[in-house]
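Some notes on the structure that comes next.
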Amino acid sequence: MAYMGQLPSWIQRIPHFDWLMHFLLLGGLGFGLHKTLREKNFRFQRWLLPIGPCVVSVWSVLDESMQLFSPNRVFSPADMIANLLGIWLFFVVNVQLQKRKAVL
């Protein structure tokens, strides 16, 4: 809807709604993909990285960057930061919950 300029006008009246939705939707997407892939990782040099959050992070950066070429959208570094914070905070919370569950 955003790319076609069809977002409802009432959304703009909610403070920071855009950032909140970027945070929650992309965080949820990263979490969901991570769980769907059964928390699989890949090795990048010395690091073991989770596939789901990495794929969603790359996709979100590309999506936000493509907005530079859309007449109905505006590139926003703040939106990109909200996306990445959501993705990785959801991942960290999941890891912490898994650790806590393992202790019990």
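The values are calculated or read from the model by the stated rules, or taken from the named source; none is laboratory data. Treat the numbers as computed from the prediction; the structure is a model and nothing was measured. Virtual Cβ from ideal backbone geometry, glycine too; neighbours counted across all protein chains shown.
Scan segment 14-49 residue by residue and report those that are among the acidic types (Asp, Glu) and within 13 Å of Asp79 (Cα to Cα). Outline the logic, then answer.
Of segment 14-49, the ones among the acidic types (Asp, Glu) are 18, 39.
Once the filter is applied, which keeps residues that are among the acidic types (Asp, Glu) and within 13 Å of Asp79 (Cα to Cα), segment 14-49 yields only Asp18.
Inspect all residues belonging to segment 14-21 and state whether any of them is over 16 Å from the mean Cα position of the chain (by Cα), surrounded by fewer than 10 Cβ atoms within 10 Å (Cβ to Cβ) and not in a helix (DSSP H, G or I). Yes, there is a match, as at least one residue in segment 14-21 is over 16 Å from the mean Cα position of the chain (by Cα), surrounded by fewer than 10 Cβ atoms within 10 Å (Cβ to Cβ) and not in a helix (DSSP H, G or I).
The C-beta contact set for segment 34-57 (first residue within 16 Å of Phe90 (Cβ to Cβ) and among the hydrophobic types (A, V, I, L, M, F, W, C), second residue at pLDDT 95 or above and in a helix (DSSP H, G or I), distance under 7 angstrom, 6+ apart or interchain) comprises Leu37/Ile51; Leu37/Gly52; Val55/Leu33; Val56/Leu26; Val56/Leu29; Val56/Gly30; Val56/Leu33; Val56/Ile87.
Taking segment 25-51 as the range and being surrounded by 20 or more Cβ atoms within 10 Å (Cβ to Cβ) and closer than 18 Å to Ala82 by Cβ as the test, the residues that pass are Leu26, Gly27, Leu29, Gly30, Phe31.
Taking interchain pairs and intrachain pairs at least six residues apart, which have beta carbon atoms under 7 angstrom, with the first residue in segment 69-91 and farther than 13 Å from Val58 by Cα and the second at pLDDT below 90 and loosely packed, with under 15 Cβ neighbours inside 10 Å? Taking only residues 6 or more apart or on different chains, the pairs are Ser70/Tyr3; Asn72/Tyr3; Asn72/Met4; Asn72/Gly5; Arg73/Ala2; Arg73/Tyr3.
Can you tell me which residue within segment 57-91, out of those that are of a type in the set (Gly, Ala, Ser) and farther than 15 Å from Trp19 by Cα, is surrounded by the fewest Cβ atoms within 10 Å (Cβ to Cβ)?
Among residues in segment 57-91 that are of a type in the set (Gly, Ala, Ser) and farther than 15 Å from Trp19 by Cα, the one surrounded by the fewest Cβ atoms within 10 Å (Cβ to Cβ) is Ser65.
Scanning segment 58-81 turns up no residue that is part of a helix (DSSP H, G or I), in contact with a strand residue (DSSP E or B) (Cβ under 8 Å, 6 or more places away or on another chain) and modelled with pLDDT of 95 or more.
Evaluating Leu49 against the criteria (1) assigned to a helix (DSSP H, G or I); (2) at pLDDT 90 or above leaves one unmet condition, (1).
With respect to Asp18, is the statement that it is touching an Asp or Glu at 6+ places or on another chain (Cβ under 8 Å) and acidic (Asp, Glu) true? Full working, then the answer.
Details: touching an Asp or Glu at 6+ places or on another chain (Cβ under 8 Å): yes; acidic (Asp, Glu): yes.
So Asp18 fits the description; yes.
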